[in-house]
Every structure is written in C-alpha cells, then in structure tokens.
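Enquirer: There's a structure below that I have some questions on.
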Amino acid sequence: MALRHAVLAALLDGEYSGYQLAKAFDVGVANFWHALPQQLYAELAKLEKDGLVEGRQVIQESRPNKRLFRVTDAGRAELEEFAVAPSKPSFIRDDLLVKVQSADRVATAAVIGQLEERAAASAGKIELLTGLLRRMRGDVEEAEFLVRGERIGGYLTGLRGLAFEREHRDWCLRIAAVLKERESARAER
C-alpha cells in the first residue's frame, strides 16, 4: 500500500486541510499507517498533480489562508482499483523485538524499561482508541452500529488498532516480567 491510498481513504470523509488531515492521521489512521505531516503535505501535492484530489484556497481574515482538499472521481476510481487488488501479507519490523531476541546476551535492564515504556504507550493508545470508537458510534450499541452505521471503515480499522494495542501492551508486560524473573534467578545463583 502506498501513502496515497491512505490519504485518499482519509479524505473520503470530507474536505480537509493538510493540518486537519495530519490530525485525522494522528487519531484514526496512525494505528495502521504512520506518516509525518510533511509526508502528508507532499502526498497531497502529488495527488493534486495526478488529479486524484482537488484543492481549493480558503481566505481567512485572522489566520493564514489554507487549502482544503477533497477526493475527485479519479481518486475514487483509484481507491476502487486498490480495494479489489490482492493485499500483501502483513509483517512486523520492530527494533524492540531485535532487542528482546538479544536478551540472553545483553544487559536486560534497558530492554525491560523499553518494554514497560511501550506497554504504557499502548495503554495510552487503548484509551484514545476506545474514546474515538465511542464518539464514532455515539449512543448506538456497537452491534447495531456495525450493521446500520453510515460509514464504518474507520470504526473497523479502529477495532483492529485497539486489538493490536491491547495485545502489544499485554505482550510487553509479560516479557518484561519474564526478563525480571530471569534476572532475579540469576542474581540468586
């Protein structure tokens, strides 16, 4: 998947400025696609050049002018082609896993600390995603929302992000506990 598809999908919800798009990525898209704001601005420029999004200037009196972007029919067609194309398998590339793999041969205190930091970060994301999902469905029960909600794509990816963060938090805490127990056992020898 290219960043372009993630941007096009995010713009399906309406017209966004680059700043608003970056905020939308921070909250709803970051659980499956990370992009820096400058990457998003560059991608918007490419998408506009390719005719997949359309930008318009908004004059503001008390703030700098801004550009708002929306998906064009060509952009929707691009997303349609992307949606029917086969997906590549997921893979993990995580430097913390390399550190854990090395735990038998390196000082583990720093690795334990990093595992605990990751667990805390995941706990924060769990809280954020739980709130986001609650806001998306409003007063509607989840089962009802999933059947009758107007747009559920962002909700479904939020559910995946929530499941990932819960599992990641639990794994980090478990591995930190294992490494602590091993350190304790070594100290007793």
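The values are calculated or read from the model by the stated rules, or taken from the named source; none is laboratory data. No experiment lies behind these values; they were computed from the predicted model shown. Glycine gets a Cβ as well: all are built from the backbone with ideal geometry, and neighbour counts include every protein chain shown.
Enquirer: Has the stretch 63-83 got at least one residue that is crowded, with 19+ Cβ neighbours inside 10 Å, under 27 Å from Met136 (Cβ atoms) and among the polar types (S, T, N, Q)?
Expert: From the stretch 63-83, those crowded, with 19+ Cβ neighbours inside 10 Å are 69, 71, 75, 78; that's our starting set.
Those still in the list that are under 27 Å from Met136 (Cβ atoms) too: 69, 71, 75, 78.
From the residues that got through so far, the ones that are among the polar types (S, T, N, Q) too are none.
Within the stretch 63-83 (the criterion being crowded, with 19+ Cβ neighbours inside 10 Å, under 27 Å from Met136 (Cβ atoms) and among the polar types (S, T, N, Q)), the answer is no, since none of the residues qualifies.
Enquirer: Of all residues in the stretch 131-164, how many are loosely packed, with under 14 Cβ neighbours inside 10 Å and part of a loop (DSSP other than H, G, I, E, B)?
Expert: Qualifying residue count, the stretch 131-164: 6.
Enquirer: Taking the residues in the stretch 51-75 that are among the charged types (D, E, K, R) and free of Cβ contacts under 8 Å to residues at least 12 places away in the same chain as candidates, determine which candidate is farthest from His5 (Cα to Cα).
Expert: Glu61
Enquirer: Inspect the stretch 140-150 for any residue being on the phi < 0 side of the Ramachandran plot, over 22 Å from the mean Cα position of the chain (by Cα) and β-branched (Val, Ile, Thr) and give the result as yes or no.
Expert: At the first step, the residues of the stretch 140-150 found to be on the phi < 0 side of the Ramachandran plot are 140-150.
From what is left, the residues that are over 22 Å from the mean Cα position of the chain (by Cα) are 140-141, 143-144, 147-148.
Next, from what is left, pick out any that are β-branched (Val, Ile, Thr): 140, 147.
Yes, the stretch 140-150 contains at least one residue that is on the phi < 0 side of the Ramachandran plot, over 22 Å from the mean Cα position of the chain (by Cα) and β-branched (Val, Ile, Thr).
Enquirer: What do you reckon, is Ile175 hydrophobic (A, V, I, L, M, F, W, C) and either touching a residue at least 40 places away in the same chain (Cβ under 8 Å) or within 30 Å of Leu52 (Cα to Cα) (or both)?
Expert: yes
Enquirer: Restrict the check to the stretch 117-127 and report whether at least one residue is of a type in the set (A, V, I, L, M) and either over 18 Å from the mean Cα position of the chain (by Cα) or over 30 Å from Ser184 (Cβ atoms) (or both).
Expert: Within the stretch 117-127 (the criterion being of a type in the set (A, V, I, L, M) and either over 18 Å from the mean Cα position of the chain (by Cα) or over 30 Å from Ser184 (Cβ atoms) (or both)), the answer is no, since none of the residues qualifies.
Enquirer: What are the residue pairs meeting all of these: first residue in the stretch 133-150, first residue aromatic (Phe, Trp, Tyr), second residue surrounded by 10 or more Cβ atoms within 10 Å (Cβ to Cβ) and at pLDDT below 95, Cβ atoms under 9 Å, and 6 or more apart or on different chains?
Expert: Phe145/Met136; Phe145/Arg137; Phe145/Ile152; Phe145/Tyr155
Enquirer: Taking the conditions exactly as written (among the aliphatic types (A, V, I, L, M), under 15 Å from the mean Cα position of the chain (by Cα) and surrounded by 12 or more Cβ atoms within 10 Å (Cβ to Cβ)), does Ala103 satisfy them or not? If you could, list the steps in order and put the result at the bottom.
Expert: Working: among the aliphatic types (A, V, I, L, M): yes; under 15 Å from the mean Cα position of the chain (by Cα): no; surrounded by 12 or more Cβ atoms within 10 Å (Cβ to Cβ): yes.
So Ala103 does not fit the description; no.
Enquirer: Find the residue count for the stretch 3-36, including only residues that are of a type outside the set (Asp, Glu), more than 14 Å from the chain's Cα centre (by Cα) and outside any helix (DSSP H, G or I).
Expert: Selection size over the stretch 3-36: 4.
Enquirer: Would you mention how many residues in the stretch 76-108 are of a type in the set (A, V, I, L, M) and free of Cβ contacts under 8 Å to residues at least 12 places away in the same chain?
Expert: First, the residues of the stretch 76-108 that are of a type in the set (A, V, I, L, M): 77, 79, 83-85, 92, 96-98, 100, 103, 106-107.
Of the ones still in play, those that are also free of Cβ contacts under 8 Å to residues at least 12 places away in the same chain are 77, 83-85, 92, 97-98, 106-107.
Here the count works out to 9.
Enquirer: A follow-up question, please. Can you tell me which residue is nearest to Ala9 (Cα to Cα) among those in the stretch 37-93 that are among the polar types (S, T, N, Q) and assigned to a loop (DSSP other than H, G, I, E, B)?
Expert: Looking only at the stretch 37-93, we keep the residues that are among the polar types (S, T, N, Q), and these are 38-39, 57, 60, 62, 65, 72, 87, 90.
With the extra rule that they be assigned to a loop (DSSP other than H, G, I, E, B), the set shrinks to 60, 62, 65, 72, 87, 90.
Values: Gln60: 27, Ser62: 31, Asn65: 25, Thr72: 12, Ser87: 16, Ser90: 19 Å.
Filtering the stretch 37-93 for residues that are among the polar types (S, T, N, Q) and assigned to a loop (DSSP other than H, G, I, E, B), the one nearest to Ala9 (Cα to Cα) comes out as Thr72.
Enquirer: Restricting attention to the stretch 85-100, which residues are surrounded by 10 or more Cβ atoms within 10 Å (Cβ to Cβ) and within 18 Å of the chain's Cα centre (by Cα)?
Expert: Selection gives Asp94 alone.
Enquirer: Regarding the stretch 168-182, can at least one residue be identified that is among the charged types (D, E, K, R) and surrounded by 17 or more Cβ atoms within 10 Å (Cβ to Cβ)?
Expert: Yes, there is a match, as at least one residue in the stretch 168-182 is among the charged types (D, E, K, R) and surrounded by 17 or more Cβ atoms within 10 Å (Cβ to Cβ).
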